[in-house]
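First up is the structure itself, then whatever we jot down about it.
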Amino acid sequence: MEVCKTDMQKIIKYLNDAAIMYDNHPGQRNVCRAWVIRQLIKKLNKKLVVTSK
């Protein structure tokens, strides 16, 4: 089973929504979770750009 470009875009959108949700909750744990999710989004975006060329 392969993951296509639109699947990756949906995953990135879902992760972005999760990061926003964690940002809206108080506490250092949630801030750290949002940061980790954003780092993962950056990594996935790089992979998406490289594979689409």
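Since every read-out is calculated from the coordinates, none of them should be taken as a lab result. Quick caveat, the model's predicted, so the values are computed rather than measured. With ideal geometry, Cβ positions are generated from the backbone for all residues, glycine too; neighbour counts draw on all protein chains shown.
Projecting the Cα atoms of Cys4, Asn30, Leu48 onto the charge dipole of the chain (Cβ charges, centred on the Cα centre) puts Leu48 farthest toward the positive pole. Spread over its residues, the convex hull of the C-alpha atoms of the chain is 66 Å³ per residue.
Across segment 25-34, rounded Karplus estimates of 3J(HN,Hα) from the backbone phi angles (6.51 cos²θ - 1.76 cosθ + 1.60, θ = phi - 60°) give 9, x, x, 5, 4, 6, 4, 5, 4, 4 Hz, Gly and Pro being marked x. Taking all Cα pairs closer than 8 Å and separated by 6 or more residues, the relative contact order of the chain comes to 40 percent. Modelled label positions at Asp7 and Leu44, each set 7 Å beyond Cα in the direction of Cβ, lie 1.2 nm from each other. Only Lys, Arg, Asp and Glu count, each charged at its Cβ (+1, +1, -1, -1), so figure out the dipole size of the chain about its Cα centre, rounded to 20 debye. Dipole size: approximately 240 debye.
Scalar couplings 3J(HN,Hα) for segment 13-21, obtained by applying the Karplus form with A = 6.51, B = -1.76, C = 1.60 to θ = phi - 60°, are 4, 4, 5, 5, 4, 5, 5, 5, 4 Hz; x denotes Gly and Pro.
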